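The values are calculated or read from the model by the stated rules, or taken from the named source; none is laboratory data. As the structure is a prediction and not an experimental result, all values here were calculated from the model. Here the Cβ positions follow ideal geometry from the backbone for every residue, glycine too, while neighbour counts run over all protein chains shown.
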Amino acid sequence: MHLAQAQSNRGPRGRKKDFRDAERLVKRLVARELTLSFVPDAEQRLWRTVTRRKYQLTRDRARLQNQLESLLEEAHIKLSSLVSDLLGASARRMLKAIAEGETDPMALAVLADRQLRATPEQLCDALGACTDLKPVYRRLLKMVLEQLQFLEQQIGLLDQETASLLRQHQDAVERLAEVPGLGVDSATQIIAEVGPTAATFPSEKCLSSWVGACPGDDESAGVNYSRRSPKGNRHMRRVLNQCANAAARTKGSIFEIVYRRSVPRLGHNQAIGVIAHRQCRLIWLILHQGVRYEERGPAVTKQSKQRRTAKMIRQLRSLGYRIEPPNPQHESSAQGQGQ
C-alpha cells in the first residue's frame, strides 16, 4: 500500500468516475509518475508518538505556569516581578509555604536562595498580601502546584522512555546535540521525525523541501510570484525554529555571524528562516553521512567547548546513556603524533 500526494494524481475537470480514476491511478503508479508521501515504519511512528506526547505535556506545563502567574497577580502577590523563573527552587519553596498557610512575609523571604538578586526587603514587599490572603487562593495555589508536579513527573517518564527507545542510536543523538542551538531533547525529536540516518531523503535539498525550511519557487515565465516557504512537516518546522533562535544567540558560532549579517536586510523572521535552512541541511549531513559538527566561529574558546561538552554529558547521563568523557591527555598525544 502506498500513500500518494493527491496533486500528482489530479485528473481532468468534470464528473468523477471511480473506474477511470482507478485506471489512471494504476497507470501512473506503474509509470512512477505518482509523488509518494513519506510514511515511516512502525518503530519510528512509536518514536513520534512519544516525542509528540511530551511536547503536548510541555505545552500544558507552560499553560499552567501562565495560570499560576495570573492567580498570583489576582491575589496581589507580586513574586513574578522579582523572580525570573516562577517555577524555580526559590519560588517553589515560597509558593508551597503560602499554599500550606504561611502568613509571615519575612518567613517566606528567608526561603529564597542567597543567589537571588532580590533583597529580603523587596521580597517582603512583594509578599505582603499573604498576611490576609483568603483560604480559597491558598487551595487554588495548592491545586496548581500539584498539577505542575504531576506533569513534570510524566515528562520525566517520557524522557526515560524516549532514551530507551533510541538507545541503539545514541551516537546519532550525540552528534546532533553538538550543533549550536540543538540539544539532547531537540536531537531526539529530529531523529523521531526524519529517522536516525535520514535515509528516505536522497539529498539535503529534499529534506529541506519536505520540512518546509526552504523558499518557495512559484514561478511562471521566469517571474517569481511567491517565495513563501511550503507548509512541510509542522513538527520539524517548530523544532528548527526553536533551534535557529537558540543558535542565533550562541556567542561565537557561525550562526550568530549569519544572523547579524542577514537581519539588517531581511528582518528577524527571515533571518531565522535562513538559519533554520542551514541547520536543516546540516542535520542531513550529520545523519546521512555520519560526520560530526566542527565549529569554526571566530570567538570559540576551549573553555566554552568544555562547558558545552560537560552540559551535554550531564543531560545524556540523566537519561540513562553511558557516556565516557573525552581524555584531554589522549587527545593531546594524538595531536602530537599527527604533527
Practice prompt. Go through region 68-119 residue by residue and tally those that are part of a helix (DSSP H, G or I) and not hydroxyl-bearing (Ser, Thr, Tyr).
Written response: 22
Worksheet entry | Top-ranked residue of region 12-42 - restricted to ones that are outside any loop (DSSP other than H, G, I, E, B), among the hydrophobic types (A, V, I, L, M, F, W, C) and farther than 30 Å from LEU166 by Cα, ranked as farthest from the chain's Cα centre (by Cα) | PHE19
Worksheet item: Is at least one residue of region 60-72 over 30 Å from CYS130 (Cβ atoms) and of a type in the set (Ser, Thr, Tyr)?
Response: no
Practice prompt. Need at least 1 residues that are at pLDDT 85 or above and under 30 Å from LYS231 (Cβ atoms) per element, so show me which helices (runs of 4 or more DSSP H) inside region 247-339 make the cut, counting only ones lying wholly within it.
Written response: 254-266, 268-289
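Conditions tested, residue by residue: (1) surrounded by 18 or more Cβ atoms within 10 Å (Cβ to Cβ); (2) modelled with pLDDT of 90 or more; (3) more than 19 Å from the chain's Cα centre (by Cα).
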residue: VAL136; (1), (2), (3): no, yes, yes
residue: MET143; (1), (2), (3): no, yes, yes
residue: GLN154; (1), (2), (3): no, yes, no
residue: ARG167; (1), (2), (3): no, no, yes
residue: THR188; (1), (2), (3): yes, yes, no
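Look at ASN241 and say whether it is touching a residue at least 24 places away in the same chain (Cβ under 8 Å) and surrounded by fewer than 19 Cβ atoms within 10 Å (Cβ to Cβ).
Numbers: touching a residue at least 24 places away in the same chain (Cβ under 8 Å): yes; surrounded by fewer than 19 Cβ atoms within 10 Å (Cβ to Cβ): yes.
Taking the combined requirement at face value, the residue satisfies it.
So, of the residues in region 256-282 that are farther than 22 Å from TRP210 by Cα and in contact (Cβ under 8 Å) with a residue 24 or more places away in the chain, which turns out to be nearest to the chain's Cα centre (by Cα)? Lay out the reasoning, then the answer.
Start the filter on region 256-282 by keeping residues that are farther than 22 Å from TRP210 by Cα, which leaves 256-268.
Then keep just the ones that are in contact (Cβ under 8 Å) with a residue 24 or more places away in the chain; that gives 256-257.
Numbers: GLU256: 18, ILE257: 22 Å.
If we take residues in region 256-282 being farther than 22 Å from TRP210 by Cα and in contact (Cβ under 8 Å) with a residue 24 or more places away in the chain, then GLU256 is nearest to the chain's Cα centre (by Cα).
I'd like the residue in region 59-95 that is among the hydroxyl-bearing types (Ser, Thr, Tyr) and surrounded by fewer than 15 Cβ atoms within 10 Å (Cβ to Cβ) and, out of all such residues, is nearest to ILE190 (Cα to Cα). Please lay out each step first, then the result.
Taking region 59-95 first, the residues among the hydroxyl-bearing types (Ser, Thr, Tyr) are 70, 80-81, 84, 90.
Pick out the ones that are also surrounded by fewer than 15 Cβ atoms within 10 Å (Cβ to Cβ) and you get 70, 81, 84.
Numbers: SER70: 34, SER81: 36, SER84: 30 Å.
Checking each candidate, the answer is SER84.
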Discussion item. Being without any contact (Cβ under 8 Å) to a residue 12 or more places away in the chain, of a type outside the set (Asp, Glu) and assigned to a helix (DSSP H, G or I) narrows it down to one residue among GLN154, GLN168; which is it?
Written reply: GLN168
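Look through region 38-91, keep the residues that are aliphatic (A, V, I, L, M) and within 21 Å of TRP210 (Cβ to Cβ), and return whichever of them is modelled with the highest pLDDT. Quick ask: steps written out before the conclusion?
As a first pass, look at region 38-91 and keep what is aliphatic (A, V, I, L, M): 39, 42, 46, 50, 57, 62, 64, 68, 71-72, 75, 77, 79, 82-83, 86-87, 89, 91.
Now narrow it down to the ones that are within 21 Å of TRP210 (Cβ to Cβ): 39, 42, 46.
On the way: VAL39: 80, ALA42: 88, LEU46: 92.
Here the residue is LEU46.
Within the bounds of region 10-18, is there any residue that is touching a helix residue (DSSP H, G or I) at 6+ places or on another chain (Cβ under 7 Å), at pLDDT below 80 and outside the structural domain of LEU158 (by TED's automatic domain parsing)? Explain how you work it out, then say what you get.
To start, the set of residues in region 10-18 that are touching a helix residue (DSSP H, G or I) at 6+ places or on another chain (Cβ under 7 Å) comprises 11.
Remaining after also requiring at pLDDT below 80: 11.
Filter again for outside the structural domain of LEU158 (by TED's automatic domain parsing), leaving 11.
The answer is yes; a qualifying residue exists.
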